[in-house]
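The values are calculated or read from the model by the stated rules, or taken from the named source; none is laboratory data. Note that the structure is predicted; figures quoted are calculated from it, not measured. Neighbour counts are summed over all protein chains in view; Cβ atoms, including those assigned to glycine, are modelled from backbone coordinates with ideal geometry.
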Amino acid sequence: MEHTAGPDDPRVRDRAYRLWEEEGRPDDRHLDHWAQAAREIEEEDRRNSGGPRVNSPDAGLAVPDDAAARNQREAAAHLGQSSVPSDS
């Protein structure tokens, strides 16, 4: 079974925290940092599992907007917020 970086993955939380610190601890960027961290962890997992890399010819069509929106919703849910619009 392939592991996916979900809202409870401590690697995503740790990476998002590091990104936030690297950017000088800005206010109101937590969803951006969480989404970026989740994308980076997912890419690392794909790379380490031998699967197709993002943006490689074997990866197929990427839909970054939908994935980013999903990651933001998951981050907002994890943080107990509901300010992120849904796909509906």
For segment 27-65, what are the residues that are of a type in the set (A, V, I, L, M) and either under 20 Å from His78 (Cβ atoms) or at pLDDT 90 or above (or both)?
-> Leu31, Ala35, Ala37, Ala38, Ile41
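Does Gly24 qualify as being part of a loop (DSSP other than H, G, I, E, B) and modelled with pLDDT under 75?
Numbers: part of a loop (DSSP other than H, G, I, E, B): yes; modelled with pLDDT under 75: no.
It is false that Gly24 is part of a loop (DSSP other than H, G, I, E, B) and modelled with pLDDT under 75.
Taking the stated definitions as given, is Pro85 at pLDDT below 85, loosely packed, with under 11 Cβ neighbours inside 10 Å and not in a helix (DSSP H, G or I)?
Numbers: at pLDDT below 85: yes; loosely packed, with under 11 Cβ neighbours inside 10 Å: yes; not in a helix (DSSP H, G or I): yes.
Against the criterion (at pLDDT below 85, loosely packed, with under 11 Cβ neighbours inside 10 Å and not in a helix (DSSP H, G or I)), Pro85 qualifies.
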